[in-house]
1. Please report the equivalent ellipsoid semi-axes of the stretch B:150-284, computed as sqrt(5 x eigenvalue) of the Cα gyration tensor, largest first, in whole Å.
2. Relative to the Cα centre, what is the charge dipole magnitude of chain B, using +1 at the beta carbon of each Lys and Arg, -1 at the beta carbon of each Asp and Glu, and rounding to the nearest 20 debye?
3. Given an 8 Å cut-off on Cα distances and at least 6 residues of separation, report the relative contact order of chain A as a percent.
4. Toward the positive end of the charge dipole of chain A, about the Cα centre and with charges on Cβ (Lys, Arg +1; Asp, Glu -1), which of A:LEU87, A:GLN117, A:LEU4 goes farthest?
5. Under a point-charge model restricted to the Cβ atoms of Lys and Arg (+1) and Asp and Glu (-1), what is the dipole moment magnitude of the protein assembly as shown relative to its Cα centre, in debye to the nearest 20?
6. With springs connecting C-alpha atoms under 10 Å apart, model chain A as a Gaussian network and identify which of A:THR16, A:THR24, A:THR86 has the largest mean-square fluctuation.
7. Counting only residues 5 or more places away or on other chains, whose amide H sits under 5 Å from the amide H of B:SER208 once H atoms are built in the peptide plane?
8. Show which lysines lie in cross-link reach of A:LYS35 when reach means a straight Cα distance below 18 angstrom and same-chain residues fewer than eight apart are skipped.
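Since every read-out is calculated from the coordinates, none of them should be taken as a lab result. The structure presented is a predicted model; accordingly, all values stated were derived computationally and were not measured. Cβ coordinates were reconstructed from backbone atoms using ideal geometry, including for glycine residues, and neighbour counts include every protein chain displayed.
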Amino acid sequence: MSHLTYDQSKTIATKTILILAVITVFEVLFALLGKGYLVEGFHIPHWITGGVMIVLSIVKAYLIVYEFMHMKYEVPGLVKTVLLPTLLLVWAIIAFLAEGDYWNNSRARVKNPVPAQTEVNN
Amino acid sequence: MASASIEHAHEHTQQGSAWAGGKEPFKASYGKLMMWYFLLSDAFTFSGFLIAYGALRFSMPTWPVPDFVFSTFPGGFHHKPLLFVTVMTFILLASSFTMVRAVQEGHQENKRGVVIWMLLTIVGGLAFLGCQAWEWNTLIGGEHMTVKVNPFGTHTETGVYLEGDGHDVKKGDTFQPGMSYLIHKHDNEWAPLKYKVTEGPNAGVEKSQAFGPKAFGALFFFITGFHGFHVLSGVAFLLIICLNSATGLYVNRKNGYEMVEKIGLYWHFVDLVWVFVFLCFYLL
């Protein structure tokens, strides 16, 4: 339950949706800029654009969960039981991406590899 | 009479120990708490899918470039990278905002406000589903991508095309590694273009376009489909709760418009998942 008045919560909701919209527009423009669509011949390394996108997406997730879903106004125990388990995903992401990378690097050592891109047979 | 006895029972349990019942853990009602834990488990399901996407993508030497794959826009527009999905994202964000407003009107016990804002949310949900239907239709019907066939390939070498496809590629066009292409179908037959490698150890060799990683189509349709199914069931629940609000069912309830709050949690979660689907499929 929030202790905010009706008008206060209305203002917060409007502010939050505007911030979310601005972040989304920025993400798309930054992705297109990084890939050279906006300025001829101008590119940003993929790891920079990717990193910025991931950080901004986490900011968006924070805003949705904390403001729209009212997590900010719940008691700390509830917040912990919901958010702490998601930390397990950090390892899942690291482990599985590393595994995928390993499969890719093992390609040359496989006897009959499935080709990454298959020939077209009509 | 009945309400007086309920009040009495309530008072009684308040005096008991923490194990006597009547106390809400985390100061949240049973329904709301369980909605949170359901959403947590659903978050793990979606994470499993998206992590599988990441692992398979990392296991491939090439992957279709998203701003090449998703560049069509209704009305026959092409080469508008990411424009349509940005519109879809905005529709879902807007419906999340209208949902927040419905919950706030519920706190005010304003029936009219709840119904109006919920109806707007339903419209947003349906608009999003319509957009997704158009996107799928374009990919399946126009570009012939299916769960098993992915016509979006990516070059790994530098080269020059020996023929054109009558769409975007002309004879003599050059390309670099990392550039994606779409294999078209002519008269129901795949028509991969022939090209000559111009640099590297294979220089001078003639090759033709190959299909992209098969997993791409399956992952795309499965994950966006699973999300779309969440949106669809969300719309169904929104409709039910909107009708219940309109008939005045929640006016006399002890917890008022809490059902609106619960479906609100679910709806924001669908929006939250889209943030990460948008990130993995379209931005990265």
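1. Listed largest to smallest, the semi-axes of the stretch B:150-284 are 53, 15, 10 Å.
2. So the magnitude is around 340 debye.
3. After rounding, I find 21 percent.
4. Of the options given, the answer is A:LEU87.
5. Working: 28 positive and 29 negative charges, 93 e Å.
Dipole size: approximately 440 debye.
6. Evaluated over chain A, the most mobile residue of the options is A:THR86.
7. Amide H neighbours of B:SER208: B:TYR195.
8. By straight Cα distance, A:LYS35 reaches B:LYS80.
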